[in-house]
Amino acid sequence: IRAVLASDDTQVASDLARAQSALRQALANRAEVEAFSSWLEAAKTRRMMAASRMRISLLASTLLVVGLLGMVSMLLANLSSRIHEIGLRRALGATRLRQAGEVLCEAVVTGVLGGCVGIAFGLLIVTLVSGLFESGLRVTPWWMAATLFASTGAALLAGLIPARAAMKVSPAESLRTV
């Protein structure tokens, strides 16, 4: 017996329970009656997928923040090891903006390279998972571009603190400690 039910989850569940009860009464409990709703199953699947997407987004955001902190640390360490070079350049006429631009450029190049490596690993993982579970997983060019844009933007953001530090380098102070 097929019946058309409402499209609201709670309404579908109550309609389904009423239909199941009516069938049991009509059959005088002589047969097992089980009602099934593909609508409810699809709604349950949609909720599970939304929860999975949320968890994956939270994990990705956390990893991005950790990566940003690591990149800031790496750029600051690189900057402190080149403090004498920066001081010498400043003494020879390089502007504060030029020094900050160099640090930001280094950050962006690192972000682009990191994004490309991340995309390659992501494609490898998607290919492996698709092959193992015969799923329809795929990565669209739009997501690859968004990933590259996000990694580059994050790197640029991470480079702001070291760039500001590079602008504050005093030529006289850095050359005095040589």
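May I ask for the Kirkwood hydrodynamic radius of the chain, worked out over all distinct Cα pairs and given in angstroms to one decimal? Display every interim value, and only then the final one.
Working: mean 1/r = 0.0464 Å⁻¹.
Hydrodynamic radius (Kirkwood, Cα pairs) of the chain is 21.6 Å.
Counting only GluC sites (Glu not before Pro) that sit in a DSSP loop (anything but H, G, I, E, B) with at most 12 other Cβ atoms within 10 Å, what is the longest stretch of the chain containing none of them?
On the way: sites that count: Glu32, Glu34, Glu134.
The segment 35-133 is the longest one with no such site.
May I ask you to list the trypsin sites (Lys or Arg not before Pro) in the range 65-168 that are in a DSSP loop and have at most 13 other Cβ atoms within 10 Å of their Cβ?
Values: sites: Arg82, Arg89, Arg90, Arg96, Arg98, Arg138, Arg164, Lys168; in loops: Arg82, Arg138, Lys168.
Passing sites in the range 65-168 are Arg138, Lys168.
Hey, rough spin-label estimate for Ala172 and Asn78, points 7 angstrom out along Cα→Cβ, what's it come to in nanometres?
Placing both labels 7 Å beyond Cα along the Cβ direction yields 3.1 nm.
Taking only the C-alpha atoms, wrap a convex hull around the range 127-168 and report its volume per residue in Å³ as a whole number. Walk me through the numbers before you get to the answer.
Values: hull volume 3.1 nm³, N = 42.
In the range 127-168, the Cα hull volume divided by residue count equals 74 Å³.
Using alpha-carbon pairs under 8 Å, 6+ residues apart, how would you state the relative contact order of the chain in percent?
On the way: 130 pairs, mean separation 50.6, N = 178.
Taking the mean separation of contacting Cα pairs over the length of the chain, I get 28 percent.
Separation between the Ala26 and Ala94 pseudo-spin-labels, each 7 Å from Cα along Cα→Cβ, expressed in nm?
8.5
Can you tell me the mean projection area, over all orientations, of the convex hull of the range 90-178's alpha carbons? Units nm², please. Could you put the intermediate results ahead of the total?
Details: hull surface 30.9 nm².
Averaged projected hull area, Cα only: 7.7 nm².
None of the figures in this text is laboratory data; all of them are computed from the coordinates on show. Quantities reported herein were computed from a predicted structural model and do not represent experimental measurements. Note: ideal-geometry Cβ built from the backbone for every residue, glycine included; neighbour counts use all protein chains shown.
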